[in-house]
1. Connecting C-alpha atoms closer than 10 Å in a GNM of chain A, tell me which of A:164, A:175, A:111 has the biggest fluctuation.
2. Go through the range A:229-243 residue by residue and turn each phi into a ³J(HN,Hα) via Karplus (6.51, -1.76, 1.60, θ = phi - 60°); whole Hz please, and just put x for glycine and proline.
3. Which distance in nm do the two modelled labels at residue B:14 and residue B:268 give, with both placed 7 Å along the Cα-to-Cβ direction?
4. Any idea what log10 I(q)/I(0) is at q = 0.07 Å⁻¹ for the protein assembly as shown, Debye with uniform C-alpha scatterers and no solvent?
5. If the only charges are +1 at each Lys and Arg Cβ and -1 at each Asp and Glu Cβ, what is the size of the charge dipole of the range B:468-646 around the Cα centre, to the nearest 20 debye?
6. Under the definition of Cα pairs under 8 Å and six or more residues apart, what whole-number percent is the relative contact order of chain B?
7. Taking a spot 7 Å from the Cα of residue B:386 along the direction of its beta carbon, which residues of the range B:282-316 have an amide N less than 15 Å from it?
8. Can you sort A:90, B:778 so the residue with the fewest Cβ neighbours within 10 Å comes first?
Amino acid sequence: MIINVDDAGDAPATDVNLREPVFRARGLTKIYHVGEVDVCALRGIDLELYAGEFVVLLGASGSGKSTLLNILGGLDCPTAGDVWFRDHDLVHATDADLTRYRRDHVGFVFQFYNLIPSLTARENVALITDIAEESMTPEAALGLVGLTARLDHFPAQLSGGEQQRVAIARAIAKQPDVLLCDEPTGALDVQTGITVLESLERVNEELGTTTAIITHNAVIARMANRIITLSDGRIVGEETNAVRSRASELVW
Amino acid sequence: MRALQRKMFRDLWILRGPSLAIGLVMASGVATFVMSLSTLSTLYHARLSYYERYRFANVFVNVKRAPETLKSRLAEIPGVMHVGTRITQFVNLDLPDMREPATGRLLSLPDHGEPAVNRLYLRSGRWPELERPDEVLISDGFATAHRLQSGDRVRAILNGRRQDLRIVGIALSPEFIYQIREGDIIPDDRRFGIFWMRRRSLEAAFQMTGAFNNAVLLLSPGTDELQTIREVDRLTDPYGGTGAYGRGEQSSHKFISNEMEELRGMALFVPTIFILVAAWMMQVVFSRLIGTQREQIATLKAFGYSSTEVGLHYLQFVIFLAWLGTGLGIGVGTWLGRGVATMYSRFFHFPEFDFHLDSRVVLASIVISTLSAGIAVIIPVRKAMHLPPAEAMRPELPPAFGSTWLESLAVLRRAPVELRMIVRQMIRQPIRLTLTCLGLSLAVAVLILGSFMLDGLNYVMESEFNVAQRQDMTLTFVEPSQGRVLSEVAHLPGVISAEPFRSVPVRLRSEHHSRRLGLMGLRTNGRLFRIANVHRQSQSVPETGLILSSQLARVLSVRPGETVTIEVLEGRRPVQSMRVAGLVEDFQGEAAYASIDAVHRLMQEGDAVSGAFLAADTRQTAELYRELKRTPRLIGASLKGSALIALRETIISSILLMRTFNIGFACIIACGVVYNSARITLAERTRELATMRVIGFTRGEIGRILLGELAILTLLAIPLGLGIGHVMADFVIRAAYDTELFRIPLVIARSTDALAALVTLLAAVCTGLIVSHRLARLDLVAVLKTRE
């Protein structure tokens, strides 16, 4: 059930607002120069994400949600505006600072998994645990997403859903503060998509990782604490779920 | 092992084909580098330690006859540590296993003990005993060539008397590492040997009691050699000294130095080509690898790998590859080096000559390969480092194709679509195209570099033996003889005609430049021995004035019409100015000619001759040889045929060996370049080619698109490579083979060009066919499903 923020009164919102914001963004603008044309991907976004929150960023393709996620993840810089991760200024950070930030705090999950094809599931996760300071073992991370039996399989030997779960294991292995997922079920069928979402749900609950998922699939929004809707580079709606659905209950 | 390193090894395995090609080219470069420089270092150290241990002299002088009392005066020259005085004579040898006569050089040993300078290494046997005047030590090369051993006898004519010399031992001397008869270019161990005898025996045989005709001086380190030479000349002048000289003019030393010079030239040239090609191949492969791994790079960065770590990952990869090639190259280079050392030990006589892998060369090859690999991939690696992660998540933009100027050509507009695709692809990547073409052309060039020496030598041989030296035989007399000896020679059995020559040792001076050499007096209308230039045109000998080889003219810095001072170094030692009448661009390094009459006038002598050139009837050679073996005043009869055989046996066999190596190396380059280019093209265009298969093109048709570009490039590369090969050959000739001793002209036979083109073409075709087989395995569905 989706409750509009404006209608729902202050109670749930206050509950969230009491917590420390993990991300604070003000007036985020991003303009890409494509040839001789300027494309405005973000047009002055103000946003806060809170610790442990499960947020879905909803929007059609071209709405700017991937750009927003990239900026939050320190992969890209805004043309104007401010973004803070706790006390880290992400706009004025150097390349080295951003690398440090990603290494210490962020886990990514991509639509096309982005696994290294020449490494096994275990090794893909080890790639991250090798450089992270407080990580779980690759085996534990893969156990969390239910892939204990597929440790030594190469990406080519895994199904799409399994590959995405390896990608989730890789993202969470270092116990990041935030998990940023770009269309994590975009390339999967419903059943597999749900399995992947269950893994994300479990990570959010068990590890308390702030999770932001971008998707154009409105059904997924039902499992979020909060839904932020983007259109044409602007936030056009923000809602809070009074009651969150379990991933296993979703159907699309 | 860290996961990133695992990735590197897995990527290496995936890229095993291109990596093998790169590794082999790198290995070829390192192998030639290690082989030539280690051989050079082996040669250098072997010579150095031989010289030191066996006290090789620094200054040498021949005199007519000097009293033994002069020895102490020579020893008093500042800086002189030891003086050895000796008696030396050339003699005519009669060997049962040879129809023709051979030449021996007798050299005295002190009556007691061993020489203090130019000590001998006794390979077997014992020293001659003073009481037994017929006992001799013989040089190792001569002993081997004739299978002589202690106890055997050799018949020689000593001062007109036949004498049987009994061999008691086989020896080597630092003076004759390269055992060559004065005036020859090629060592011939069958026809020239050194014989060491006790001094007393030689004194008796040549009436030299209490006298010597050759002295060798060992100097203490740091002594001014030129100053010493001047002093020695001053002291020996009254006794018919022919001018002292240093190691630089000692024939054995000079030849080894020459060989080392050539090795050095080759050590720099050929490996540079290989390393450049390997570097280029690395650049191409890594550009492609990094291009296809954009998303992997972005993922690594997204998870917190720094740009430096990403850069190091690829750098480590390429360096690992370079090290694999280097390791293989060092192994192969050592193996080749041992082969070359064995070959060298056939004409360089050292007590021991073992190939020694120089650790500095190994280190240098590692440094060079590492640096070149690093530099080769600097651009793609930088690209990987600077790839913004958010951008890298997106696939690369499709290559921008447009109509090109070439397509405005009417021919192309009517051309089939495959050809248009090939042309567009080629035009789109002009740099890669140029470099691929250049890489292939270097394979052609390597083949030329490996073979052109043989063409040059063949040309020299043909010119020298057919145009210049048309005699069948050259006789050299012990002493200059009266002109009437010529009629005696002409009456020898089978002799058709005989022409005299007069050769005198001189020093030519022009301002501060000077050179010691033999001035050759020839008949003006001579038919058997002519002065000929590199273009095989004979040049007549002028009545007056000198003809200098252009190399000598450069050294002396004189031009035709100018005069040089001639200081004769024998007889009455006249000094005279003579006009340079002309120059000859010939194969001799330094040579001076004049008419025989002009030489007689210079020497203020009658019609003395040093020897004669003979044209002989081959049907009567056996008789002629028999007669010559009995002629006491003869010290040598050099035969044109045997000189040719010697040349073939020594130099040409070694060049052929090198050519075999080079063909192998060039094939590696050609195959490597074609293989890598085809693989990259295949990787880049898999989707396109698969699409074409899906819409109905046959495998043959897409194979043509894949390989058409390479076929065009190979055809372009062949003429380019021939051009590069010719330019490089010219450079090598100038750098290594334009020496004081001889010059090899830049002659490249059509067959060499054809071989180079053919080998490259074959290598390209075979490799192309191998790669095109991969097209059969193209999984059309899978390829089309992948995201680009």
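1. A:111
2. 9, 10, 8, 6, x, 10, 7, 10, x, 9, 10, 10, 7, 5, 10
3. Here the answer is 4.2 nm between the modelled labels.
4. With no solvent term, the Cα-only Debye profile gives -0.76.
5. Working: 23 positive and 18 negative charges, 36 e Å.
Roughly 180 debye, rounded to the nearest 20.
6. Working: 1448 pairs, mean separation 140.7, N = 788.
Reported relative contact order: 18 percent.
7. Residues B:307-308, B:311 qualify, since their backbone N sits under 15 Å from the label point.
8. Numbers: A:90 21, B:778 15.
Fewest-to-most Cβ neighbours within 10 Å comes out as B:778, A:90.
Since every read-out is calculated from the coordinates, none of them should be taken as a lab result. All of these numbers come straight from a predicted model, not from anything done at the bench. Reconstructed Cβ throughout: ideal geometry from the backbone, glycine too, with neighbour counts over all protein chains shown.
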